[in-house]
Amino acid sequence: MIENKGIRVMLHRISHVLLRGLQKIRVTLFFKVPLINHTLKPLFFKTPLVAKGNPQSKLPLFPYFSTSSPRYLLQSMTNTDTNDVEATVRQIMELIDAGADLVRVTVPGVKEVEAIHKIKKNLVEKNKNIPLVADVHFLPEVAEKTAYFVEKVRINPGNFTDKRDYSVSFTENEYQQGFEAMMLCAKSLIDICKKNNTIIRIGVNQGSLCGRIISRYGNTAEALVESALEWIKIAEKYDFHKIVFSIKSSHVKTMMEANLLLYQKMVEMGRVYPFHLGVTEAANEMEGRVKSAIGIGALMLKGLGNTFRVSLTEDPVHEIVFSKLLVTAIQEVNKNKYDSFSNSVLHIHYPEINKEKWWAGVGALVGKWWLTENIKDIKIENQHFAIDEIEKLQNCVLQICHIKKTHTEIIACPSCGRTQYDIQALLKVVKQRFANYPHLKIAVMGCVVNGPGEMADADFGIIGSANEKVAVYKGKERVSDFVSVSEALEILQSIINHSLSLPSVLTDGNDKR
C-alpha cells in the first residue's frame, strides 16, 4: 500500500489521464458499429403501472418499461414552490393539457413531502391522473417518505450518501466502503418501493458526481457510467428491477457518449433497463432547443430511450410543445434522406416550414453525424426561411459542436422549486449584455444542487441562493457575497472586464478544458 498521500494523489491523476484516453478509444470504436441491439429481449415490468390513489385509472405507462417501444413518454418538471400546492397543481394541469405523460416535482425536504402528498391527492380529486416523480437530493429519508405514494422517485447517486470532497483520494478499501455504505442505505428505500410498486430513477448528473467516483474516473463519461452501474449492482442485490436510468450533462457530446456506453455495458450484462434522456443546463430559446435536439435526437435516431425531457429555462409547457415537435421531426428525418456528409462537411436540407420543428430535425441530424465523424463545417438549406435565419441556425449548431464560435456560450438550468429568484429574467439579461464574448462560457444557475458542479468549467457564473439573492463565481471560486441580481450583474461585468485585460484570457476558452 502506498502511504505517501502526495504520491498517491499523483498516481490517481496519471490514471485519470490514461482512463480518459482509453475511454475515448473504446467509445469511438463502439460508435462505428450498430448500436441498439433489438434482438436482445429488454427488461420490462410484468404489469402496466396505474396511477396511485385511483385504481380505476389505467394509465398507458407500459411503453415506458420496454426499450423496444415505438413511443416516447414526454416529461417536464414544475418550477413552482412545491409548498405552494395550488400553484403547483395548476402548473401540472397545464402540462397535462399540453401533452405531458409524467411530471417531476422537487422535494428538497421533509416539509415538501406533505406538500407533494397534497398535490397528488388534489390531482386525483380533479381526475387529473398523471404519474408524479419526486425529485430528491441529499436526503434518503425524504426519498423513502415519498415512495409510498408517488409513481417514481428520482435519486442522485452523487449525493445519496457520498460527499463532494474532490480533494480526497481513496484507497481501494475506502472506495469499497463508500459503495457498501450507499448499498446499505438504499435497502430501506428499495424495500418501500417494492411494497408500493414504485419505480426508482437513477439520475446521474455530471455536475454532482461524488468525490469517490471522480477520484477514480475523473469527471468523464466513464465516471457517469460507473456511477450508474453501481446502482444496477445495488438494485439487483435486493432483487429490485423497477429502475430507470438517466445520465445528463450540459456537455452534449459527453451526454451522448455516456448514454451509449451505459447501453453497451447493459448489453454485455444481458439486461437492458429503460433510459430517460436529457441535456441539462441547455438554457432557452434557439440554443436550448437545438442543444437538446442534438443530444436527445441523436440517441433517438440510434434507437435509444424511453422517456425524455427537453430542459428549457422557460415556462415548462414550452418543453412539452417542443418535445412533441422533436418526436415528429425524428420520425420524418429517419424515413427520408435529408443529410449527406463529404469532405468533412455536413449538408442538411430538411424542408420543414415550422421553425422549431426545423430546428429539431436539423439538431437531431447534426447529433447523429457528430457522434461518428470529424465535422469541420455544417451547411444548412431550407427554401422556407430567409438567409439570416439559416445562418443563425448554422452558427448555433457550429457553436454547440465546438467547430466555430460566434457568441458567448451560456448555460442555464431550467430551474425548479428550489430556485428562489427570477432565473428566466436574469438569463435574458445575461444573454443580451454578455453576448459578445465568443471565447467565454457563462453559467446562470438556480441553486447549489448541481450549480457549482455543472458550471465548474465555465469561466464565470451566477448561482442562486435564498430570498432573491445570488452569488457571482469565477470558475469554481465564489467571488462575491450573496447579493441582489442587479448588484451581481455589475460585479460580473467588472470581473469580466478585469479578466479580459489579462493576456491568458485572450486565448480560446476551451484550451483549459
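Laboratory data are not the source of any read-out in this text; all were calculated from the coordinates shown. Quick caveat: nothing in here was measured; it's all calculated off a predicted structure. Every residue, glycine among them, receives a Cβ derived from its backbone with ideal geometry; neighbour counts consider all protein chains shown.
What ranking do Ile463, Ile353, Ile491 get, fewest neighbouring Cβ atoms within 10 angstrom at the top?
Least to most surrounded, the residues fall as Ile353, Ile491, Ile463.
Give a quick list of GluC sites (Glu not before Pro) in the stretch 411-478 that DSSP marks as loop, anything other than H, G, I, E or B, with at most 16 other Cβ atoms within 10 Å.
Sites meeting the loop and neighbour criteria: Glu468.
Kindly put Met269, Met256, Met182, Met300 in sequence by how many other C-beta atoms sit within 10 Å of each C-beta, fewest to most.
Met269, Met182, Met300, Met256
Can you sort Ile378, Ile387, Ile192 so the residue with the fewest Cβ neighbours within 10 Å comes first? Write out the running numbers ahead of the final one.
On the way: Ile378 24, Ile387 7, Ile192 17.
Fewest-to-most Cβ neighbours within 10 Å comes out as Ile387, Ile192, Ile378.
What's the magnitude of the charge dipole for the stretch 409-512 around its Cα centre, counting Lys and Arg as +1 and Asp and Glu as -1 at the beta-carbon? Answer in Debye, nearest 20.
Using Cβ point charges on Lys, Arg, Asp and Glu, the stretch 409-512 gives about 120 debye.
What is the sum of charges around Tyr421, taking Lys and Arg as +1, Asp and Glu as -1, for the other residues whose C-beta is under 14 Å from the C-beta of Tyr421? All intermediate terms of the calculation are to be shown ahead of the outcome.
On the way: positive: Arg418, Lys428, Lys469; negative: Asp81, Asp422, Glu468, Glu487.
Summing Lys/Arg as +1 and Asp/Glu as -1 gives -1.
Given a Förster distance of 25 angstrom, what is the FRET efficiency for Lys163 paired with Glu490, based on the Cβ-Cβ distance and rounded to 0.05?
Once rounded, the FRET efficiency stands at 0.15.
Per residue of the stretch 397-403, what does 6.51 cos²θ - 1.76 cosθ + 1.60 with θ = phi - 60° give for ³J(HN,Hα)? Whole Hz please, x for Gly and Pro, Karplus curve as stated.
6, 5, 5, 4, 8, 6, 9
Between Lys152 and residues 5 or more places away or on another chain, which pairs have amide H atoms under 5 Å apart, with H built 1.01 Å from N, and which residues are they?
Hits under the 5 Å cutoff: Leu132, Ala134, Ile199.
Using Cα-only point scatterers and the Debye equation, what is log10 of I(q)/I(0) for the stretch 286-405 at each q in 0.14 Å⁻¹, rounded to two decimals?
-0.52
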